[in-house]
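Undergrad: Below: one structure in structure tokens.
Bear in mind that the values in this text are calculations on the coordinates, not laboratory data. In this text the structure is predicted, and so the values were computed from the model without any measurement. Virtual Cβ from ideal backbone geometry, glycine too; neighbours counted across all protein chains shown.
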Amino acid sequence: MTKSLKFLPRFSFVLVLFFASCAEEEEILPDADPRDKFVGTWTVAEVMNQVNTQYTSVVTLDNSNTSRIIIGNPNNLGSALSLKALVAGNSLSIGLQDISGLPIEGSGTYSNNSFVLNYTVDEGDGPIQVNATYTR
């Protein structure tokens, strides 16, 4: 009887390994592109110099940079103009860019299927703070 008890720990160890190797493997999915939530057509409610404006903007992926999106019609300057923004999770960063002669820079945050951009635009009299809320 004592001989069979000696093999019990080894047998138990082998049995545990066997069942562990039979466990179903989890499927590993590639990470979703964090830019995808920004892509589409948005209604923009913008406040600049205490004036409310509403317009449409189309956001697309920047195919030349996997961390960047392209925001069309920034500051309601026209659908042919665009602004580039870096995406990191739910945050946007807009480095200084010249859009039709106007320097623009700022940042933004995505939350609850909308995003807010806070940026400055300088029309020649100094920087003006702009708050733009993008909703679907």
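Undergrad: Taking a ≥ b ≥ c as the square roots of the Cα gyration tensor eigenvalues, with a/c under 1.5 meaning rounded and otherwise prolate when a/b beats b/c, else oblate, which class fits region 36-135?
TA: Prolate.
Undergrad: While we're looking at this one, here's another question. Would you give the gap between the C-alpha center of region 107-136 and the C-alpha center of region 46-79, rounded to a whole Å?
TA: 9 Å
Undergrad: Also, I was wondering about something else. Taking the Cβ of S93 as the center, what net charge do the other residues with Cβ under 15 Å away carry, scoring Lys and Arg +1 and Asp and Glu -1?
TA: Around S93, the surrounding residues sum to +1.
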